[in-house]
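Undergrad: Quick one: the structure is below, and I'll ask about it shortly.
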Amino acid sequence: MNIRRLPAVAAVVLVAIIAAPARAQVAPPPARAQVDAVVRLKRQQPQPQQQPSDDDDDGEAEVVAPVEQVFFVDDANFDQWIFGGDRNPGQGRSKLEAMLKAQIQMVDRDYGLTEAQKKKLELAGHGDAKRFFDRVRITRTAFDAVRSDRQKFSDFHRKEVQPLQQAYQSGIFGDGSFFAKSLTKTLDASQAAHYQSAARERTNYRLKAKLRLALASIDGNVGLTADQRKRLWKLIEEEVRLPKRFGDLGELDYSIVTIQLARLPESKLRPIFSTGQWRLLSSQFDMARRMEPVLIGSGVMPDELAKDSKKAP
């Protein structure tokens, strides 16, 4: 009986995967920064590997071609990483323009701006938008060089893409922006005094609220007693420093708090918790530490902590 050989069929299959090194898990609330990559699976030239077919009485054999994975990140993902649900730079520009208009309206409502002052703030905000999209353009070019290298891509996503994500999500008109600098120069003496006082009050209120949320999150994860909550809150108030931006970073606000707690001497923090609680909290600290490069790259970490991180081996 003759055995017929079946020809090998070359195929290219596209499948969506999640690039694990680019995930950032911060708890709570836990969220995963997912990276959608496209991996191309190709058939190699097979060596004949005959496998008998169950439903073939004459003993026919099928040649099975081994599959080789080739890492390749599809270009369509780039805009989605940066702009999220807004999908593309055009919609991103529209969103930033709307945010700028809302910022100017808020300042006008509080301080009564002249048309000339509004125009100056608008021009400054457009400068911030241009600077942001220049960064996007440069990052997109760098992306082309690493899209087929798994290790380089992982580092690139963490150091370059995630800071842009955070800048876009939290807004580009905050501290350090052209808008913020122009605002302090545009307001007259009376307006500036009012603005600075209101800004300090808002910052303190938001900081206190976020610190309370961080305490509640830790409580939810490890289960604190009333005495433990009191002792930990006292430590948070004494030790946690104010970041450059706070309150608009979502889950990263929590990371800023936990990173600073993780840096404390164990002798200060460990006595508050039981052995089981400390084990759970240590796991959260480890996850928060992995977010440090993102926070530093986003320019939100307190200056002293950012400098310490850069000095660390």
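The values are calculated or read from the model by the stated rules, or taken from the named source; none is laboratory data. Model, not experiment: these values are computed from the prediction. Cβ atoms come from the backbone with ideal geometry, glycine included; neighbour counts cover every protein chain shown.
Undergrad: Among the listed residues A167, A214, A192, A209, identify the single one that is part of a helix (DSSP H, G or I) and assigned by TED's automatic domain parsing to the domain that holds A129.
TA: A167
Undergrad: D144 versus (1) more than 27 Å from K119 (Cα to Cα); (2) under 20 Å from the mean Cα position of the chain (by Cα); (3) of a type in the set (D, E): which is the lone unmet condition?
TA: Just one mismatch for D144, condition (2).
Undergrad: How do the helices (runs of 4 or more DSSP H) wholly within the range 78-162 filter down when requiring 3 or more residues that are under 23 Å from S177 (Cα atoms): which remain?
TA: Answer list for the range 78-162: 89-111, 115-146.
Undergrad: Please go through the range 118-138 and pick out each residue that is among the β-branched types (V, I, T) and without any contact (Cβ under 8 Å) to a residue 40 or more places away in the chain.
TA: The one that is among the β-branched types (V, I, T) and without any contact (Cβ under 8 Å) to a residue 40 or more places away in the chain: I138.
Undergrad: While we're here: If I ask for residues that are crowded, with 17+ Cβ neighbours inside 10 Å and closer than 21 Å to K95 by Cα, which ones from the range 141-169 would you list?
TA: Once the filter is applied, which keeps residues that are crowded, with 17+ Cβ neighbours inside 10 Å and closer than 21 Å to K95 by Cα, the range 141-169 yields V161, Q162, P163, L164, Q165, Q166, A167, Y168.
Undergrad: Additional query: Given G220, G171, which one is touching a residue at least 24 places away in the same chain (Cβ under 8 Å) and under 21 Å from V240 (Cα atoms)?
TA: G220
Undergrad: Next question, about the same structure. Test I172 against the stated conditions and say whether it is assigned to a helix (DSSP H, G or I) and within 18 Å of the chain's Cα centre (by Cα).
TA: For I172, the condition - assigned to a helix (DSSP H, G or I) and within 18 Å of the chain's Cα centre (by Cα) - is not met.
This table checks each residue for (1) at pLDDT below 95; (2) loosely packed, with under 12 Cβ neighbours inside 10 Å.
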{"residue": "K95", "(1), (2)": "yes, no"}
{"residue": "M106", "(1), (2)": "yes, yes"}
{"residue": "R109", "(1), (2)": "yes, yes"}
{"residue": "A116", "(1), (2)": "yes, yes"}
{"residue": "L123", "(1), (2)": "no, no"}
{"residue": "G127", "(1), (2)": "no, no"}
{"residue": "F133", "(1), (2)": "no, no"}
